[in-house]
Each structure stands twice: as C-alpha cells, then as structure tokens.
Amino acid sequence: MHSRIPKVLHPIAGRSLLGHALVAARNLVPDELVVVVRHQRDQVVAHLAEIDSKALIADQDEVPGTGRAVACGLAALPAGLSGTVVVTYADVPLLTGETLTELVRAHQAGPAAVTVLTAEVPDPTGYGRVLRDDAGTVIGIVEHRDADPVQLGIREINSGIYAFDAVVLAAALARLDAGNDQGELYLTDVLALAHHDGAAIQAVRTDDLWQVEGVNDRLQLAALGAELNRRLLADWMRSGVTVIDPASTWVDVDVQLAADVTLLPGTQLQAGTTVAAGAIVGPDTTLSGCQIGPEARVVRSHGSGARVEAGATVGPFSYLRAGTVLGPDGKIGAFVETKNAVIGAGSKVPHLTYAGDATIGVGTNIGAATIFANYDGEHKHHTTIGDHVRIGSDTILVAPLTIGDGAYTAAGSAVTDDVPAGALAVARGRQHNSRGWVEKSRPGTASAQAAAQAREDQIREDQIRRDQAGEAYD
C-alpha cells in the first residue's frame with residue numbers, strides 16, 4: 001500500500017477493511033472471534049479496541065505463512081476445542097455475513113472436515129487452484145507458484161475462506177511443513193492432509209466474484225470501494241431513494257435514508273448520517289454524522305455533527321459544524337458558518353454570518369454579515385438571543401451576551417451589553433463627514449481627481465440653478 005497506515009485499516013464506505021471483515025464474521029454469532037495480528041500490530045490492536053473490543057488478539061510469531069497464522073489464532077482459544085472454526089481475511093471487504101453463513105451451513109450439513117469457499121474466475125493468475133479428482137471431489141489446493149502447467153489451467157480458485165472441523169484443523173496444523181516455493185506454512189496444505197486421512201472435503205462456490213476479491217494495493221482499494229458504493233446505492237434506490245447521478249454520489253455503509261429522499265449529484269453522505277423522508281441533499285454536499293429531517297433541503301454545503309429539522313433549509317455554501325441544530329422551518333443561508341448553535345423554529349441566519357456558541361429563539365432574523373464574537377483569546381463565551389429578535393446587518397455580538405425577546409439591534413452596531421426585551425440597541429458612533437479630506441490627504445490620486453471633478457460639476461449645477469431661479473423671479 002506504500003502507506004504509514006496498515007493495509008487492513010484503510011477505509012472504504014466509512015469502515016476499515018478490518019471493520020468490514022469483523023461485521024461479516026460477527027454475523028455468524030461466533031462463540032469467540034480471534035484477530036491474528038503482526039504487521040504494525042499496535043495500530044491494528046488500537047483500532048480493534050475501538051470497533052470490536054470483545055475480539056481476542058493473537059500475535060503471529062516469526063514463522064511465516066497462513067497455516068502458522070491460524071495456529072497462533074487457535075492458541076488464543078481454550079485447549080481441546082471442538083465444533084466449527086471459520087477462517088476469513090481482513091482484506092476482502094465485500095464478503096458478506098450471509099455468504100459465511102451459507103458456508104457454515106453447508107459445512108455442518110455435509111458433514112465435512114473442511115469446506116472451502118471457491119469461485120471460478122476468467123483469469124486465475126496468482127490464486128491457489130482447487131484440485132478435484134475424476135469424481136469432482138475436492139482433494140486439495142495448490143498455490144499458483146507451486147502449480148504445474150496443467151494445474152495452472154484450472155479456473156476454480158481458492159478464496160482462502162474456510163470452515164474447518166476444529167479437531168481435524170488442529171491435528172493437521174501440527175503436521176505442516178514449509179517444503180514449498182515460498183518456505184511458508186500453507187493453510188491450504190490442511191486440505192491435502194485431511195484428504196490423505198480420508199476426511200471429507202467439500203466446496204461452496206460463489207458466483208459473486210467481488211466477495212472473494214482482496215485488496216493488495218490502492219488500485220484494488222478504489223475498485224472495491226466503487227463496487228461497494230454501487231451496491232449500496234442500488235439497494236437504496238430499490239428502497240425508494242432517488243439518486244440522480246450514482247457515479248458522483250457516495251454513501252457510507254451505516255448511513256440511513258428514508259423513502260423519497262433525493263440525492264443530487266456530488267453528494268457524499270458519511271458515517272452516522274441519517275436523512276428523513278422527502279429531504280433533498282445536494283448538489284455538491286458533504287455530510288458527516290448529520291441528521292436531516294423530513295422535507296429539509298441542504299444545498300452545496302458541508303456539515304459535521306449537525307441536525308437540521310423538518311422543513312429547514314441550508315445553503316448554498318454553508319458550513320455546519322458540530323453542535324449545530326437548525327429548528328423546524330429555519331434557514332441557514334449562503335456563506336454562513338455555525339458551531340454549537342441552536343437555532344429556533346422559523347428563525348433565519350440568511351447570509352454571510354458566523355454564529356458560534358449561540359442559542360437563538362423562535363422567529364428571529366439575523367441580519368447579513370453578523371458576527372457572534374465568542375472567543376476572547378482564552379475562553380469561549382455564549383450568546384443567547386430571544387424570540388422574534390431582529391439583528392441588524394453587520395452587527396457584532398460580543399459574548400457573553402443576552403438579547404431579550406422582541407429586541408432590535410441597529411445595523412453596524414458592536415453590541416457588548418445585554419439588550420432588554422423590546423429595546424433597540426444602537427452601539428455605533430455618530431457619522432461625521434470631513435469635507436475635502438481626500439483632495440488634501442491624497443492629492444494626485446484618482447480619488448482626488450474624481451472628487452475635484454465632482455466638486456466642479458456641483459458648482460456648475462448650483463450656478464445654473466441660481467441663474468434659473470433669477471430668471472423665474474424676474
């Protein structure tokens with residue numbers, strides 16, 4: 001992967017590759033789940049503690065190979081284990097719990113010592129080949145590097161995903177040797193040993209090749225991510241969601257969408273986001289951990305940890321940061337940034353405003369270019385605005401501050417003191433015009449020339465008016 005991040009921690013659809021594997025495995029409701037780690041194990045273990053703290057951890061030692069990895073995994077479990085052991089991998093993110101369940105059911109219905117998940121692929125290069133006898137019975141697996149020319153022609157490949165009888169597996173692992181091209185302990189050799197011992201081996205073939213496709217580089221990561229997104233969108237569209245342009249729309253696995261939601265082009269819905277019935281999101285919108293209410297509209301905006309309630313509108317070009325709550329039928333307009341701001345029903349923050357650490361009541365209007373000055377350089381402070389307040393354009397609200405119900409602020413005010421209910425706050429100096437300042441202080445500039453010309457034009461106009469007034473008087 002050429003990355004500081006372990007391969008299995010790279011994400012697609014809002015979940016790490018390891019996370020996808022764990023979700024599929026947990027679908028089996030196993031008695032125990034063991035994750036075998038080695039490369040960059042500390043990062044993997046820390047991530048595992050976040051996403052599945054009940055999983056057991058087994059460290060693989062210096063002995064290489066998948067057979068050794070499984071042996072280390074078994075060592076983390078109680079001795080004398082019996083029943084079914086499923087082996088899967090952390091780099092096959094499209095493998096589903098349903099497919100694993102089918103594998104286990106087939107294995108236990110057999111009954112078989114080993115059941116392997118296989119697939120027939122157009123180009124089996126690099127994969128282990130499934131070996132069958134003349135009767136079609138699985139007798140073993142040969143790795144690509146160890147296969148002879150006849151075996152290389154086989155197109156049925158080993159996915160590496162198995163269901164084993166625990167007793168057979170433990171006994172076979174103890175007999176593995178590294179007499180192969182890579183000098184590793186192959187898990188695949190367990191099948192040949194089981195066959196030699198007269199145990200039954202069977203295969204479950206999947207026609208969904210994507211489920212057994214692994215990730216070995218970023219090209220494959222992108223390809224599997226795109227396929228997973230295609231499947232997620234297809235499922236949502238079948239459930240009543242309109243996706244105008246699936247090619248430019250991305251939805252994480254845990255996003256929840258109601259029927260009659262519309263997603264416009266360029267929309268990205270990331271982990272933890274829910275969108276209620278009738279809402280429209282996009283175009284060009286990214287939401288992470290947001291809740292969008294019924295019939296709401298979010299246009300060309302970015303949101304993280306925000307809630308937009310029923311009938312409210314957002315955007316275009318707004319930034320909703322964590323803690324933002326926009327009440328029913330409220331409005332956050334163009335070029336507005338909010339953070340820890342609770343905005344009441346029907347209230348509007350229409351444009352060019354920063355609202356941070358604020359509570360805004362019902363039916364209030366925040367004029368254009370208003371700034372909630374919440375930070376004094378050391379601490380954040382809160383502003384509380386009541387119901388049906390009118391904040392004039394270009395107002396600075398210096399927190400901590402309370403503005404009572406029905407109050408007004410004059411445009412251009414810097415409000416530093418509380419405003420009582422129903423009052424008009426005017427916090428600005430009286431205007432004074434210093435005549436001729438530009439020509440005196442900026443001589444020779446275009447501004448000075450324009451001012452001089454305007455002064456001369458005004459003199460001429462005044463003279464004409466005087467002349468006309470005199471003629472009329474006569």
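Nothing in this text is a laboratory measurement; each read-out follows from the coordinates by a stated rule. This structure is a prediction, so every number in the text was calculated from the model and none was measured. Here the Cβ is made from the backbone with ideal geometry for all residues, glycine too, and neighbour counts use every protein chain on show.
Per DSSP helix of 4 or more residues, -39500 (n - 2.57); summed, then divided by the residues of the chain. What does that give at 222 nm, rounded to the nearest 500?
Rounded to the nearest 500, the figure is -7500 deg cm²/dmol.
Pick out the long, greasy-scoring helices in the chain: whole DSSP H runs spanning 20 Å or more along their own axis by Cα, mean Kyte-Doolittle at least -1.0.
Going by DSSP H runs, the hits are 218-238.
Applying a 10 Å radius around every beta-carbon, put 362-368, 171-177 in order of their mean neighbour count, most first.
Top to bottom by mean Cβ count within 10 Å: 362-368, 171-177.
Could the peptides 137-149, 372-384 be put in order, highest first, of the mean number of other beta-carbon atoms found within 10 Å of their residues?
Per-residue Cβ counts within 10 Å, averaged per peptide and sorted highest first, yield 137-149, 372-384.
Counting only residues 5 or more places away or on other chains, whose amide H sits under 5 Å from the amide H of Gly128 once H atoms are built in the peptide plane?
His144, Asn158
Can you bin the stretch 7-212 into rounded, prolate or oblate? Criterion: square roots of the alpha carbon gyration tensor eigenvalues sorted a ≥ b ≥ c, rounded for a/c under 1.5, prolate for a/b above b/c, oblate for the rest.
It comes out rounded by the Cα gyration axes.
Check cross-link reach from Lys348 to the aspartates and glutamates: straight Cα distance under 18 Å, and skip same-chain residues fewer than eight apart.
Result set, ordered by chain and number: Glu295, Glu309, Asp329, Glu337, Asp357, Asp387, Asp394, Asp405.
Pull up all non-local amide H partners of Ile403: gap of 5 or more, or a different chain, and H-to-H distance under 5 Å with H placed in the peptide plane.
Result for Ile403 returns Thr384, Ile385, Gly386, Val419.
I'd like to compare 75-82, 242-249: which one has the highest average count of other Cβ atoms within 10 Å, and what's the full order after that?
Listed from highest to lowest mean packing, they are 242-249, 75-82.
Find out how many positive minus negative residues lie around Gly367, taking Lys and Arg as positive, Asp and Glu as negative, among other residues whose Cβ is under 9 Å from that of Gly367.
Surrounding charge for Gly367 is 0.
So for the chain, averaging the separation of alpha carbon pairs under 8 Å that are six or more residues apart and normalising by length, what relative contact order in percent results?
For the chain, the relative contact order is 7 percent.
Please list the three semi-axes, largest first and in whole Å, of the ellipsoid equivalent to the chain, using sqrt of 5 times the eigenvalues of its alpha carbon gyration tensor.
Three semi-axes, in Å: 71, 24, 21.
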